[in-house]
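Here is the structure we will look at.
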Amino acid sequence: MTKTNASLFARAQQSTPGGVNSPVRAFRSVGGTPRFIERAEGPWFWDAEGKRYIDYIGSWGPAIVGHAHPEVIQAVQQAAARGLSFGAPTEAEIEMAEEIIKLVPSIEQIRLVSSGTEATMSALRLARGATGRDKIIKFEGCYHGHADSLLVKAGSGLLTFGNPTSAGVPEDFAKHTLVLDYNDAAQLEEAFKTAGNEIACVIVEPVAGNMNLVRASDEFLRTMRRLCTEYGAILIFDEVMSGFRVARGGAQELNGIVPDLTALGKVIGGGLPVAAFGGRAEVMKHLAPLGGVYQAGTLSGNPVTVAAGMATLKIIQQPDFYTNLSTQTRKLADGLAAAAQAAGVTFAADAIGGMFGLYFDAKVPTSYAEVMQGDKERFNRFFHKMLDAGVYFAPSAFEAGFVSAQHSDAIIEETVAAAARAFSELG
Ligand code: PMP
């Protein structure tokens, strides 16, 4: 039997729930058959049927220098040849820590982990351990990985602690999480007035990328910083997605707000599993073996994954890397918006650094509620037309997109031309 995406999907569903190892890959939101990827290079990947796609997911963020970059591959091969894992410290881990500390000034000390989920989960535990408080604040539409306390939706009243969004999360955990509206500074102020002395931390995506792309307003972030300082709560920037993606120093470089802790992932592993959390030394010292907050990992700081991360961090420091990346991403967003307008399709687009958002709506949204007003059915039709044309956008109207340093003018132009055809057929 010839191998097709459909035959692989049918086979995958026999051995793996839903046929995928992470839910969004299953195309549930857009319908149709997921593409099974065989290989990737630069801005492209190829599926099991040999079809080539321009990739605007980049592994959901990590592939910022393009797929299979020769310097990253060589670093991985050389590290692998020296042994895959030691369970003992290495100089490479020190170098990686020093490099991140150099690039993100709010980070004085850092610990490496293997996934974004681990980074945010550990940062929460640290914040709770350091403050001796249980309650946390998160915002609707922000995703911080799948730790229990973070899979929580708003309670029935706005300032009511939350309910689980996933089966298997005890109410007893969710009740410590207060879920507020993104970009609503007044509501945050109200929450601190009511329960400020019980709040261990506020966790936020300073550029949200998990409800499509939504910018945080200056006022929102400034209010958050002020309230955390006033009430002795820890401000955690979840920059797993925005870190080294929207700017070299992450969203905090763009908005000038200094968080107490930062979670990183994606780009810092260059496609292999590396994530990290770090921040003020005074907070980080609460971690074991120095302090009472336990956190550990068999493969934390793994020599092969760290080699991929370090090679990637070197490339992104080349002159004009972010200027060029931002220019290409902006060209894509503006090109798509112009093509939609020419076809009379209600559409908006936004771009920050190497990240972009596409909205089937008249304006760029500022909150989860506004994102939800977009025309999801139109997005789904657009997605499939683009997929057929060899352009792979995120398979959901509620995810951001990613451009790499290998997305040349020709690639962007090819994308915009395909989009112009798709928009004109949307009706
Ligand atoms: N935080 C943010 C902002 C993310 O975007 C993600 C993943 N998309 C995570 C945390 C979780 O990271 P991981 O999937 O590596 O566990």
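The values are calculated or read from the model by the stated rules, or taken from the named source; none is laboratory data. Since the structure is predicted, the reported quantities are computational estimates derived from the model, not experimental observations. So basically every Cβ, Gly included, is an ideal-geometry build from the backbone, and we count neighbours across all protein chains shown.
Structure summary
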item: Residue in region 189-201 that is within 29 Å of V403 (Cβ to Cβ), under 23 Å from the mean Cα position of the chain (by Cα) and of a type outside the set (V, I, T) present; result: no
item: Region 155-186: number of residues that are at pLDDT 95 or above and surrounded by fewer than 17 Cβ atoms within 10 Å (Cβ to Cβ); result: 1
item: Candidate set: region 223-258, residues that are among the polar types (S, T, N, Q) and in contact (Cβ under 8 Å) with a residue 40 or more places away in the chain; chosen: the one surrounded by the most Cβ atoms within 10 Å (Cβ to Cβ); result: S242
item: From the options A88, A80, A92, residue that is in a loop (DSSP other than H, G, I, E, B) and more than 16 Å from the ligand (Cβ to nearest atom); result: A88
item: Looking only at region 51-75, and only at residues there that are more than 23 Å from the chain's Cα centre (by Cα) and touching a residue at least 12 places away in the same chain (Cβ under 8 Å), the one that is surrounded by the most Cβ atoms within 10 Å (Cβ to Cβ); result: A75
item: Candidate set: region 103-117, residues that are touching a strand residue (DSSP E or B) at 6+ places or on another chain (Cβ under 6 Å) and within 14 Å of the ligand (Cβ to nearest atom); chosen: the one farthest from G297 (Cα to Cα); result: G116
item: Residues (part of a loop (DSSP other than H, G, I, E, B), polar (S, T, N, Q) and over 20 Å from the mean Cα position of the chain (by Cα)) located in region 150-165; result: S156, T160
item: Residues located in region 245-272, provided they are in a helix (DSSP H, G or I) and away from the ligand (no atom under 16 Å from the Cβ); result: E253
item: G129 vs. criteria of a type in the set (G, A, S), touching a residue at least 12 places away in the same chain (Cβ under 8 Å) and outside any helix (DSSP H, G or I); result: no
item: Scope region 14-29; condition within 16 Å of the ligand (Cβ to nearest atom) and hydrophobic (A, V, I, L, M, F, W, C); matching residues; result: V20, V24, A26
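This table checks each residue for (1) more than 27 Å from E282 (Cα to Cα); (2) within 16 Å of the ligand (Cβ to nearest atom); (3) in contact with a Cys (Cβ under 6 Å, 6 or more places away or on another chain); (4) not assigned by TED's automatic domain parsing to the domain that holds K135.
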{"residue": "H176", "(1), (2), (3), (4)": "no, no, no, no"}
{"residue": "P206", "(1), (2), (3), (4)": "no, yes, no, no"}
{"residue": "V214", "(1), (2), (3), (4)": "yes, yes, no, no"}
{"residue": "C228", "(1), (2), (3), (4)": "no, no, no, no"}
{"residue": "I234", "(1), (2), (3), (4)": "no, no, yes, no"}
{"residue": "G243", "(1), (2), (3), (4)": "no, yes, no, no"}
